[in-house]
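Only one structure is covered here, and it is reproduced in the block below.
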Amino acid sequence: MTIQKLSASLASLALGGLLTAALPAHAADKAPDISKLPPPATKTGITFDEHIKKIIEPSCLKCHSGNRPKGRYAVTTREAFVKGGDSGKPAIIPGKSAESPVIHFAADLVLDMEMPPVDMRQDFPALTKDQIATLRAWIDQGAK
């Protein structure tokens, strides 16, 4: 089959809805179960530069920095960390940690979008419940 015929076949399937039905829905489109989140830490005065950088550097920085960060999501500055990447949606919603996608991914609440990816955790450790709690507190305190 030529590329042109394959493209025409795929277009036909897509128009008929068959291609969409054959592909699994992206897991990130499902609402995460936020009841599984650890509660925010009680510590106050948390800042990105003093507290959050230390948490995310060992687990996130290798993939989410440099000229071509994964998903166009850099975590090297507070502004970039909050802004998000390819999705066009913010990764962090200041004041609302339970609604912030970065918390959902770090807490493994989104299937196939766990961060860091499960198969890379031998080199990049998952965040601990205490680290997620601190990250939640920082977001709830305004993500400064």
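The values are calculated or read from the model by the stated rules, or taken from the named source; none is laboratory data. It should be emphasised that the depicted structure is a prediction, and the values quoted were computed from it without experimental measurement. As a convention, Cβ positions derive from the backbone with ideal geometry for all residues, glycine included, and neighbour counts pool all protein chains shown.
Take residues that are of a type in the set (Gly, Ala, Ser) and modelled with pLDDT of 95 or more and tell me which of the helices (runs of 4 or more DSSP H) falling wholly in region 75-144 contain 2 or more.
Working: elements: 78-83, 101-106, 129-140.
The qualifying helices (runs of 4 or more DSSP H) are 129-140.
Among the residues of region 103-115, the one identified as surrounded by 21 or more Cβ atoms within 10 Å (Cβ to Cβ) and over 18 Å from Ser35 (Cβ atoms) is Met115.
Look at region 93-121: where a residue is closer than 19 Å to Ile55 by Cα and a partner is part of a loop (DSSP other than H, G, I, E, B) and among the basic types (Lys, Arg), sitting 6+ places away or on another chain with Cβ atoms under 8 Å, you get Pro101/Lys89. Only one entry of Gly88, Gly84 meets the criterion of being surrounded by 18 or more Cβ atoms within 10 Å (Cβ to Cβ), without any contact (Cβ under 8 Å) to a residue 24 or more places away in the chain and more than 22 Å from Lys43 (Cα to Cα), and that entry is Gly84. With respect to the conditions (1) farther than 21 Å from Lys144 by Cβ; (2) of a type outside the set (A, V, I, L, M); (3) more than 15 Å from the chain's Cα centre (by Cα), Phe105 falls short on a single one, namely (3).
Would you please name the residue that is farthest from the chain's Cα centre (by Cα), looking only at residues in region 29-73 that are over 17 Å from Ala137 (Cβ atoms) and of a type in the set (Ser, Thr, Tyr)?
Quick first cut of region 29-73, residues over 17 Å from Ala137 (Cβ atoms) only: 29-33, 35-36, 57-73.
From what is left, the residues that are of a type in the set (Ser, Thr, Tyr) are 35, 59, 65, 73.
Working: Ser35: 18, Ser59: 12, Ser65: 14, Tyr73: 9 Å.
For region 29-73, the residue satisfying everything is Ser35.
Count of region 116-144 residues, restricted to those that are of a type outside the set (A, V, I, L, M, F, W, C), more than 16 Å from Pro39 (Cα to Cα) and in contact with a helix residue (DSSP H, G or I) (Cβ under 8 Å, 6 or more places away or on another chain), is 3.
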